């Protein structure tokens, strides 16, 4: 697949299952950047994935690999606040903000969203 300008993907990660995180969410996000399938990849941490990322060091290490490859990581602030994880996610380099409007704008604009 050729690398085309302007191809953007948001991976909406809601699953709290580690196997799904490691074998699908992280793997696809990483390969999307490394192989040039998408110009921009944003990982949106929302719901149960918030706790998994905040508590699991192996998942955190994989996130660092994603970030080094150029994947942008953002998280729902409300979810992070509810789980007491906002500071932890921020310390991992995740941009934590209220993401409802962000996601709505992406959907309404017809942008590509992969929900897991």
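Read the figures in this text as sums done on the coordinates, not as results from a lab. Everything quoted here is computed from the prediction, not taken from an experiment. Here the Cβ positions follow ideal geometry from the backbone for every residue, glycine too, while neighbour counts run over all protein chains shown.
With an 8 Å cut-off on Cα pairs and a minimum separation of 6 or more residues, tell me the relative contact order of the chain in percent. Intermediate results must be reported in sequence, preceding the final value.
Details: 194 pairs, mean separation 35.9, N = 116.
Value for the chain: 31 percent.
Counting helices only, and only those DSSP H runs with n ≥ 4, report the 222 nm mean residue ellipticity of the chain as the sum of -39,500 (n - 2.57) divided by its residues, in deg cm²/dmol to the nearest 500.
Details: 6 runs with 51 residues, N = 116.
Rounded to the nearest 500, the figure is -12000 deg cm²/dmol.
Taking neighbour Cβ counts within 10 Å as the exposure measure, how do 32, 23, 15, 57 sort from fewest upward?
On the way: 32 22, 23 11, 15 18, 57 7.
The order, fewest Cβ neighbours first, is 57, 23, 15, 32.
Extension gain residue 65-residue 28, at 0.36 nm per residue separation less the Cα-Cα distance, in nm?
On the way: separation 37, 0.36 × 37 = 13.32 nm, distance 1.25 nm.
In short, 12.1 nm is gained.
Taking the beta-carbon count within 10 Å as an exposure proxy, list 50, 65, 20 from fewest neighbours to most.
Values: 50 29, 65 13, 20 16.
Fewest to most other Cβ atoms nearby, the residues stand as 65, 20, 50.
Within the stretch 75-92, which residues have the backbone N less than 17 Å from the label spot 7 Å out from residue 113 along Cα→beta-carbon, could you tell me?
Flagged as within label range: 75-79.
So what's the angle, to the nearest 10 degrees on a 0 to 90 scale, between helix 57-69 and the longest Cα principal axis of the chain?
30 degrees
Specify whether the C-alpha gyration tensor of the chain places it in the rounded, prolate or oblate class, a ≥ b ≥ c being the square roots of the eigenvalues: rounded for a/c under 1.5, otherwise prolate if a/b is larger than b/c and oblate if not.
Judged from the Cα gyration tensor, the chain comes out oblate (a/c at least 1.5, b/c at or above a/b).
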